[in-house]
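Here the structure is laid out as structure tokens; the discussion comes afterwards.
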Amino acid sequence: MIVVTGATGNVGRALVRALTTAGEQVTATSRGISAADVSEGVRHSRADLVDAESLRQVFAGADALFLQNGGTSAHLLNPAQILDVAQAAGIERVVLLSSQGVATRPRSASHGSTARAIEDAVRQSGMDWTILRPGGFHSNALAWAESVRTRRTVTAPFGDIGLPTVDPADIAEVAAVTLRKDDHSGRIYELTGPALTSPRQRAEAIGEAIGEPVRFVEQTRDEARSQMLQFMPEPVVDTTLDILGEPTSAECRVSPDVEHILGGAPRTFTDWARRHAALFR
């Protein structure tokens, strides 16, 4: 049995599908999960990573765990407690979805140091572990869906600065492999897409996917910051804008890890846009 936390998210939902397709028994869990979120026959259970005790019943009978790093709520987690509950239930393997920022922004509380603390707990747990460090996701472009549907417009800062964003489906497939095979224990993988793409190029790819031109409007940093502060904490906003506007060489690097593990090139943003075109029409 494999427990997938964050099972209603972009990565978790795809991971549940990948594992069940491979014939694995899965328990899908998140704070608000329901039967509508999983395929028939997939066990699901509501639990909150912030409340380790809520996971005790979820972990019962499992031998592997996919653990999210908590995203913007990561500072509320007690990872050592979560892992203690997992070990008490008999779980021997954990795959952690962490962040590229652990390596590239180690002093950032929102992107580096908090995620590092969770990684350290995993490494020190005594369990077999694998850590996945993705950069930005292709699916971040879903933030543009409404403006594309209603105005055929994308508004974003730093229009011509590229990053090698990664498809959540690739992250999920890498996670499925590392959860099921023994030869990834003690490894850290950096997950990126196959090439750098800029916001302007992503807007063009969405336009091609829906068959209509999408206009790109470039924001200033201050304009983008004001907008992002409406739904993100200030430290997260500022570090995110630093990454988008002044990425380090490491953040621009295309990693070979997805191809090494899956045996094929990572999916492009254009491919992601085509698969999700209906969300932008």
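The values are calculated or read from the model by the stated rules, or taken from the named source; none is laboratory data. Because the structure is predicted, anything quoted here is derived from the model rather than measured. FYI the Cβ positions are ideal-geometry reconstructions off the backbone, even for glycines, and counts take in every protein chain you see. Just the protein is used for accessible areas: all its heavy atoms, side chains included, with ligands, DNA and RNA removed. Shrake-Rupley method; radii C 1.70, N 1.55, O 1.52, S 1.80 Å.
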What does the charge count near Thr268 come to, summing +1 for each Lys or Arg and -1 for each Asp or Glu among other residues with Cβ under 14 Å from its Cβ? -2
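Could you check how many percent of all C-alpha pairs in the stretch 85-184 are farther apart than 22 Å?
Summing the P(r) tail past 22 Å for the stretch 85-184 gives 46 percent.
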The stretch 224-270, convex hull of Cα, quarter of hull surface, nm² -> 4.9 nm²
How high is the relative contact order of the chain, given as a whole-number percent (alpha carbon pairs under 8 Å, six or more residues apart)? 18 percent
Potential lengthening between Ala117 and Asp160 on full extension [0.36 nm per residue; Cα-Cα distance subtracted]: 12.1 nm
Can you divide the C-alpha Rg of the stretch 81-130 by 2.2 N^0.38 Å and report the result to two decimal places? 1.21
Subtracting the Cα-Cα distance of Asp37 and Arg107 from 0.36 nm times their residue separation yields 21.5 nm
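Leaving out ligands and nucleic acids, note down the accessible area per residue over the stretch 129-178 with a 1.4 angstrom probe, in whole Å².
The answer is 31 Å² per residue.
With the full set of protein chains in place, find how many percent of the accessible area of the chain is carbon and sulfur; take the probe as 1.4 Å.
On the way: 5970 of 12950 Å².
C and S atoms contribute 46 percent here.
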Inverting the mean 1/r over all pairs of different Cα atoms, compute the Kirkwood radius of the stretch 22-155 and quote it in Å. 16.5 Å
Using 0.36 nm per residue, how much length does the chain from Val217 to Gln87 gain when fully extended, once their Cα-Cα distance is taken away? 41.8 nm
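Distances longer than 14 Å among the Cα atoms of the stretch 1-77: what percent of all pairs is that?
On the way: 1618 of 2926 pairs.
Value for the stretch 1-77 (Cα pairs over 14 Å): 55 percent.
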Relative packing of peptides 4-12, 78-86, 173-181, 210-218 - highest average C-beta neighbours within 10 Å first: 4-12, 173-181, 78-86, 210-218
Show me the ranking of peptides 257-265, 48-56, 130-138, 199-207 by mean Cβ neighbours inside 10 Å, starting with the highest. 130-138, 199-207, 48-56, 257-265
If you take every DSSP beta bridge fully contained in the chain, what fraction is antiparallel? Give it as a percent rounded to 5. 5 percent
What helices in the chain pass both tests, a Cα length along the helix axis of 15 Å or more and a mean Kyte hydropathy of 0.0 or higher, using whole DSSP H runs? 10-21, 168-180, 234-245
Roughly how compact is the stretch 162-224, stated as its Cα Rg over 2.2 N^0.38 Å to two decimals? 1.59
Can you find, among Pro247, Pro164, Ala278, the residue farthest towards the positive end of the dipole of the chain? Put +1 on the C-beta of Lys and Arg, -1 on that of Asp and Glu. Ala278
Hey, could you get me the Stokes-Einstein D for the chain, Kirkwood radius over alpha-carbon pairs, 37 °C and 0.692 mPa s, rounded to whole µm² s⁻¹? 169 µm²/s
Checked the stretch 166-281 against the a/c 1.5 cut and the a/b vs b/c comparison, axes a ≥ b ≥ c from its Cα gyration tensor; verdict oblate
If you wrap a convex hull around the Cα atoms of the stretch 108-243, how much volume per residue is inside, in Å³? 123 Å³
